[in-house]
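Reading through the structure tokens given below for one structure.
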Amino acid sequence: MRSWHHWLDKLEAHGFAVRDTLRPGASDADLAALTEATGIVLPAEVEALYRLSDGQSGGREYSAAAYVFPHYRFLPIELAITQWRFWQELAEQEGPDGMADHAEAVSVPEPEKVAAEYWIPGWLPIGLDGGGNAIAVDTTPLDGGTHGQFIIMGPDEDERRVLAPGADAYFQALAAEELEISESPDGERLWEVRWAAGLR
């Protein structure tokens, strides 16, 4: 996936050694375990991404400056399964009425084709921030949506937005963005993309 490599090249050209955080690619057994645990067969582009790298290592040893998604750590398959199970267990505990109550605060901007739900089993979190919010792969989009579209979901996200129609389009869009470089109070260099770009 050229767009993935172009995006990593861009981050590294700005001094962010993100490749050092990436795990080796996922195996057939890893992908089969995900499908067995979640019932989700990864869209071709997301499978290709995981075959290149099974997420990012650690979590604490790298700062957010080393994340490959804006504000989100790229989850290994094992942790993507863990996150999916967390949401599935929540849905089972809350029941349909409880999940409907949670969904009352959820909105979807027009004309995006994503379910106005708190969570549904067809969403697989693959990027996670510190608050439990996620970039998820939507494998059950509404009519007119795209199977495998990247969406935002989570407890702090009342809006279910489509970031991109798929992995390749997402990394193409990121690679085309001008990075905003800043410095934290303790002197750490940070990168950001514009909120208006709709990629985070």
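Since every read-out is calculated from the coordinates, none of them should be taken as a lab result. From a predicted model like this one, the values you see are computed outputs, not experimental measurements. Backbone-built Cβ (ideal geometry, glycine too); neighbour counts: all protein chains shown.
Taking the Cβ of each residue in 77, 120 as the centre, tally the other Cβ atoms inside 10 Å and list the residues starting with the fewest.
Lowest count first: 120, 77.
List every residue whose amide H lies under 5 Å from the amide H of residue 163, counting only residues 5 or more places away in sequence or on a different chain, with H placed 1.01 Å from N in the peptide plane.
The answer is 150, 151, 152.
Tell me the label-point distance for the pair residue 195, residue 63, using the 7 Å Cα-to-Cβ offset, in nm and rounded to one decimal.
Going by the 7 Å Cα→Cβ label model, 2.2 nm.
How far is the Cα center of segment 89-130 from the Cα center of segment 15-37, in Å?
If you average the Cα positions of each part, the centres end up 25 Å apart.
By how many nm would the segment from residue 35 to residue 19 lengthen if fully extended, with 0.36 nm per residue of separation less the alpha-carbon distance?
3.1 nm
Can you tell which of 79, 116, 44 lies farthest toward the positive end of the dipole of the chain, using +1 and -1 charges on the Cβ of basic and acidic side chains (Lys, Arg; Asp, Glu)?
The residue sitting farthest along the positive end of the dipole is 44.
With the convex hull built on the Cα atoms of segment 153-200, state its orientation-averaged projected area in nm².
4.5 nm²
At most 12 other Cβ atoms within 10 Å and a DSSP loop assignment: could you name the trypsin sites (Lys or Arg not before Pro) in segment 53-126 that fit?
Passing both the DSSP loop test and the Cβ count: 60.
Hand me the chymotrypsin sites (Phe, Trp or Tyr not before Pro) from segment 12-71 located in a DSSP loop with no more than 16 other Cβ atoms within 10 Å, in residue order please.
62
Could you tell me which GluC sites (Glu not before Pro) in segment 146-185 are loop residues by DSSP with no more than 10 other beta carbons within 10 angstrom of their beta carbon?
Those satisfying the criteria are 178.
Summing Lys, Arg as +1 and Asp, Glu as -1, what charge do residues with Cβ under 13 Å from the Cβ of residue 85 carry, residue 85 excluded?
Neighbour charge sum, excluding residue 85 itself: -4.
What's the percent breakdown of Cα-Cα distances in segment 35-76 across 5 Å bins, shortest bin first?
Distribution as computed: 6, 20, 22, 23, 15, 10, 3 percent.
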